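Asks: The following block contains the structure, expressed as structure tokens.
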Amino acid sequence: SQTIHQWPATLVQPVGSPLSLECTVEGTSNPNLYWYRQAAGRGLQLLFYSVGIGQISSEVPQNLSASRPQDRQFILSSKKLLLSDSGFYLCAWSITKANEKLFFGSGTQLSVL
Amino acid sequence: QKEVEQNSGPLSVPEGAIASLNCTYSDRGSQSFFWYRQYSGKSPELIMFIYSNGDKEDGRFTAQLNKASQYVSLLIRDSQPSDSATYLCAVNPLNRDDKIIFGKGTRLHILP
């Protein structure tokens, strides 16, 4: 069966510090991968998605970036965090773009202070 | 702009009663519809999906889709305190270049 791992679970970072969140999927090949952010009291915001190694599409311009160095690995990064980057970050995968049944990782609660 | 609307709640329902959660969407050509359950501090979990008009039942859950009226609903029968969570409606637009759209969710509280 497929599983998705995301870490860390919680993170407290000072403004201006770098960020690296990692997500890996097991049990499937060539998944579509997604990074979402959920701010307090707000809906899910799609940040990045990827249909293959090295293929990244950005949905929202910001100081975050994403990379997919391996088929089942997706990384969210920032060189300098802003206060507004605080939120609940979720990695997700789907089998096909058309299918769009999303399966989420356990999430990372990021607090930027 | 394509939207998915949900009442934010909280919706309070007595234990054992039927909880009814509603969602409307703006893209008339949308093809697939999903309900996710999200416990506080946890990630969303897919609990139901529906593609065709009508009802789809899975245990205590029933998803209902009416494409003409552009709404989708989720019924939870015999509500349990463990059903207390936020329920997110998600819609897959007609244009496959568009990504799935989530509503902001309805908070459901089951009263013991």
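The values are calculated or read from the model by the stated rules, or taken from the named source; none is laboratory data. As the structure is a computational prediction, the values presented were derived from the model and not from experiment. Cβ: placed from backbone, ideal geometry, glycine included. Neighbour counts: every protein chain shown. What goes into the accessible areas is simple: the full protein's heavy atoms, side chains included, and nothing from ligands, DNA or RNA. Shrake-Rupley method; radii C 1.70, N 1.55, O 1.52, S 1.80 Å.
Asks: Quick one: in segment B:85-100, which of the residues that are within 9 Å of chain A (Cβ to nearest Cβ) and of a type in the set (A, V, I, L, M) is farthest from residue B:2 (Cα to Cα)?
Replies: The selected residue is B:88.
Asks: Looking at segment A:26-54, which of its residues are outside any loop (DSSP other than H, G, I, E, B) and away from chain B (no Cβ under 14 Å)? Show your work before the answer.
Replies: Within segment A:26-54, the first condition is being outside any loop (DSSP other than H, G, I, E, B), and the residues that meet it are A:26, A:32-38, A:44-52.
A:26, A:52, listed by residue number.
Asks: Just to be sure I understand, how many residues within segment B:79-112 are in contact with a Lys or Arg (Cβ under 6 Å, 6 or more places away or on another chain) and either open to solvent by 70 Å² or more (accessible area, probe 1.4 Å) or among the small types (Gly, Ala, Ser) (or both)?
Replies: 1
Asks: A further question follows. Working only within segment B:7-34, note down all residues that are in contact with a Ser or Thr (Cβ under 9 Å, 6 or more places away or on another chain), modelled with pLDDT of 95 or more and open to solvent by less than 50 Å² (accessible area, probe 1.4 Å).
Replies: Hits for segment B:7-34 are B:13, B:16, B:17, B:19, B:21, B:23.
Asks: Among (1) of a type in the set (Ser, Thr, Tyr); (2) within 11 Å of chain B (Cβ to nearest Cβ); (3) crowded, with 18+ Cβ neighbours inside 10 Å, where does residue A:106 come up short?
Replies: (3)
Asks: Only one of A:76, A:81, A:113 is away from chain B (no Cβ under 14 Å), over 30 Å from residue B:49 (Cα atoms) and open to solvent by less than 30 Å² (accessible area, probe 1.4 Å); which?
Replies: Result of the check over A:76, A:81, A:113: A:81.
Asks: Out of the residues in segment B:35-55 meeting the condition of being more than 9 Å from chain A (Cβ to nearest Cβ) and either open to solvent by 70 Å² or more (accessible area, probe 1.4 Å) or not in a strand (DSSP E or B) (or both), tell me which one is nearest to residue B:87 (Cα to Cα).
Replies: Selected residue: B:39.
Asks: Applying the selection to segment A:84-99, what residues are surrounded by fewer than 22 Cβ atoms within 10 Å (Cβ to Cβ) and either at the interface with another protein chain (Cβ under 10 Å from one of its Cβ atoms) or not hydrophobic (A, V, I, L, M, F, W, C) (or both)? Outline the logic, then answer.
Replies: Filtering segment A:84-99 down to residues surrounded by fewer than 22 Cβ atoms within 10 Å (Cβ to Cβ) leaves A:84-88, A:94-99.
Selection gives A:84, A:85, A:86, A:87, A:88, A:94, A:96, A:97, A:98, A:99.
Asks: Could you check how many residues of segment B:57-84 are over 10 Å from the mean Cα position of the chain (by Cα), part of a strand (DSSP E or B) and either within 14 Å of chain A (Cβ to nearest Cβ) or of a type in the set (D, E, K, R) (or both)?
Replies: Of the residues in segment B:57-84, 2 are over 10 Å from the mean Cα position of the chain (by Cα), part of a strand (DSSP E or B) and either within 14 Å of chain A (Cβ to nearest Cβ) or of a type in the set (D, E, K, R) (or both).
Asks: Could you please let me know if residue A:12 is farther than 25 Å from residue B:37 by Cβ and assigned to a strand (DSSP E or B)?
Replies: Yes.
Asks: Restricting attention to segment A:1-42, which residues are under 25 Å from residue B:104 (Cβ atoms) and either in contact with a His (Cβ under 6 Å, 6 or more places away or on another chain) or open to solvent by 20 Å² or more (accessible area, probe 1.4 Å) (or both)?
Replies: A:4, A:9, A:10, A:11, A:37, A:38, A:39, A:40, A:41, A:42
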